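The values are calculated or read from the model by the stated rules, or taken from the named source; none is laboratory data. Keep in mind it's a predicted model, so treat the numbers as computed, not measured. Cβ coordinates were reconstructed from backbone atoms using ideal geometry, including for glycine residues, and neighbour counts include every protein chain displayed. What goes into the accessible areas is simple: the full protein's heavy atoms, side chains included, and nothing from ligands, DNA or RNA. Shrake-Rupley method; radii C 1.70, N 1.55, O 1.52, S 1.80 Å.
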Amino acid sequence: MAEEEVKKAKKEVIPRQPMEEQAPEIRRRNFKEVPIGYSIETAKLEAQRCLQCKKPACVEGCPVQVDIPGFINCIKEGDFTKAIRTIWLKNSLPAVCGRVCPQEIQCEGLCVVGKKGAPVAIGNLERFAADYERNNGKGELPPKVPSTGKKIAVVGSGPAGLTVAADLIRKGHEVTVLEAFHKPGGVLVYGIPEFRLPKEIVFSEVAFLEKLGAKVECNNVVGRTVSLEELFAQGYDAIFVGVGAGLPTFMNIPGENLIGILSANEYLTRANLMKAYLFPEYDTPIVRGKNVVVLGAGNVAMDSARTAMRLGADNVKIVYRRSRQEMPARKAEIHHADEEGIEFFLLTAPTQFFGDEKGRLTGMECLKMELGEPDQSGRRRPVPVKGSEFKMDCDLVIVAVGTGPNPLLTQSTPELTLNKRGYLVADDETGKTSMKGVWAGGDIVTGSATVILAMGAGRKAADSIDKYLTLGW
C-alpha cells in the first residue's frame, strides 16, 4: 500500500453507510428482499469514502476486473448513467453481483480504506448503480462491434453462460443461449431465494442481454433434445458449456429415504423457480415442516433455513459438523439467519434418521464432534466424541452438504474429458475443453463456487472463443 494512501485512510472520517433492511421479526415471515437499498444521498456519501487509489487493489480482487474507482467516482459526481456504463464494460450482471457476490473476500477485502476501518461498500454501490439504471435509465445500450457472421451456442443460462453471451454479443458475434428450465437464469433463479435475489432482477438482466441481441431458448435440454454434434451441424461455430453443478448430494446414512428428507436442490427449486412460496397462486406443492433441520452451513444451507422459516416453521436448526469459524457461508447470510431466529447446532453431525410406521421422518440421532488436524480443505477435521450421541426431533430435513456435476450433457458426449469427480476438464486460462470448438466454465468445471467466479470463467472463455473465431483453434 502506498504511504500516501495510508495517510488518506487515516484521515477518513465518513463512516461506512449501512443499507436499510427489513426488521428481522417482520422479514422472517415474508419473501420480500431484506436490504432496501441506498438512497441517492447515501450512495453519494458512501462514494466519497473511496480514495481513488492509483493502483486500486480492489480491482485486482474482482474476478471480472470492473473499474471500481471509476464507477464509484461517477456516483460521487452524480453521473449515474456513466457509472452503470463503466460497470457494463466488464460486468453484464451488476444488479445480481451487487446482491450476492462475496465482496468481503474479494474487492472489499482488498480495499485500502478497510485496512484501518470498514472498507468502502463496493457491492452496495454497484447495486445502487444497477437499480438506478433499471428504475430511472433511458434504456440506452452499450456499444458493440459490427456483425462477424459467426454463431455461438451457449448451453446454460447461469452466471457463466450469461457472461459469455454478453461478451460475445458485444464482440459482434451471434449468440443463442439454450436453457433446460422454463425460465432463464440458472442457479440465480432456481437456487437463490426471492428475499436475497428477486427474480425480476434476474429477468431484467436477461432482458438486457436480449436487447443487446442475444437469443434465449428455454426448455432445451442439450444432451437430450439435441447433442453438441447436432448443434455444430446446425451451423454453430463454437459452443460454451455452463450447465452448473446441480446434482444433489446426500450423506448415505441410515433412514435417509424417509418421507420428509429432501435435497436443498429440490427444496429451493420448488420454492424459487416454481414459486411454491406463493401457493395456491402457483400450484407447486412443497413440504412445510414445523421442526426443520438443515444439514450444512454454506450459502445454500442458509437459504434453505431462512426459506423454511418463511414457510411457517416453528423452529429451524442448522446442524454443522465444524465450528462457526469454519462455516463457508457469507458472513452477511449467517448474520441474517441469526437475526431471524435460526438456531445453530455446531460441532454436530447426524448419524441416522428415525421414522414412524408410515415411513415419515420423526427425528434424528446426532453425535457431538471436536476439531482435529486440518484436512485437504485447510479446515480442521471434525472428530467424533465417543458416547456423545443425542436425539433431535424433526419433521423435515433439508440436506445442503454440496452438489455434484450435472451429468445430462457430459454422459452423452464422450468426446469431453471429465475428472475423477465427474466435472469437465477445461483449461484454467481459456476454458478450452478436450472437444474442438467447445469451451466450458463455472460450476461444471470447478464445482460449486460463487456467481462472480463463474462470471470470471465466462469472461476468459469469451475472450478465447473470440480469438478462435478470428485466428483458429
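Summary of values
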| item | result |
| --- | --- |
| Meets criteria (within 22 Å of Leu188 (Cβ to Cβ), open to solvent by less than 50 Å² (accessible area, probe 1.4 Å) and part of a strand (DSSP E or B)) for Val294 | yes |
| Index of the failed condition, His335 passing every other in (1) free of Cβ contacts under 8 Å to residues at least 24 places away in the same chain; (2) farther than 22 Å from Thr307 by Cβ | (2) |
| For Pro405: the one exception among (1) of a type outside the set (Phe, Trp, Tyr); (2) in contact with a Phe, Trp or Tyr (Cβ under 6 Å, 6 or more places away or on another chain); (3) modelled with pLDDT of 95 or more | (3) |
| Test: residue in the range 216-231 that is part of a loop (DSSP other than H, G, I, E, B), more than 26 Å from Val451 (Cα to Cα) and open to solvent by less than 40 Å² (accessible area, probe 1.4 Å) | yes |
| Unmet criterion (only one of (1) more than 23 Å from the chain's Cα centre (by Cα); (2) at pLDDT 95 or above; (3) farther than 29 Å from Met369 by Cα) for Arg288 | (2) |
| Any chance Glu200 is under 18 Å from the mean Cα position of the chain (by Cα), over 30 Å from Thr362 (Cβ atoms), open to solvent by 30 Å² or more (accessible area, probe 1.4 Å) and not basic (Lys, Arg) | yes |
| Filtered residues of the range 52-103 (kept if under 22 Å from the mean Cα position of the chain (by Cα) and among the hydroxyl-bearing types (Ser, Thr, Tyr)) | Ser92 |
| Residue within the range 86-103 that is in contact (Cβ under 8 Å) with a residue 40 or more places away in the chain, farther than 27 Å from Ile169 by Cβ and not hydroxyl-bearing (Ser, Thr, Tyr) present | yes |
| Any hit, the range 178-199, residues being part of a strand (DSSP E or B) and either aromatic (Phe, Trp, Tyr) or over 30 Å from Leu45 (Cα atoms) (or both) | yes |
| Residue match in the range 120-137 (condition: under 30 Å from Leu228 (Cβ atoms) and of a type outside the set (Gly, Ala, Ser)) | no |
| Ala118, sole failed condition from (1) more than 19 Å from Gly458 (Cβ to Cβ); (2) in contact (Cβ under 8 Å) with a residue 12 or more places away in the chain; (3) assigned to a helix (DSSP H, G or I) | (3) |
| Per-region count, the range 232-253, residues over 22 Å from Asp443 (Cα atoms) and open to solvent by 80 Å² or more (accessible area, probe 1.4 Å) | 3 |
| Residue check for Thr284: β-branched (Val, Ile, Thr) and open to solvent by 40 Å² or more (accessible area, probe 1.4 Å) | no |
| Yes/no for Ala313 being aliphatic (A, V, I, L, M), at pLDDT 95 or above, assigned to a helix (DSSP H, G or I) and buried (at least 20 other Cβ atoms within 10 Å of the Cβ) | no |
| Number of the exception - Val145 against (1) open to solvent by 10 Å² or more (accessible area, probe 1.4 Å); (2) part of a helix (DSSP H, G or I) | (2) |
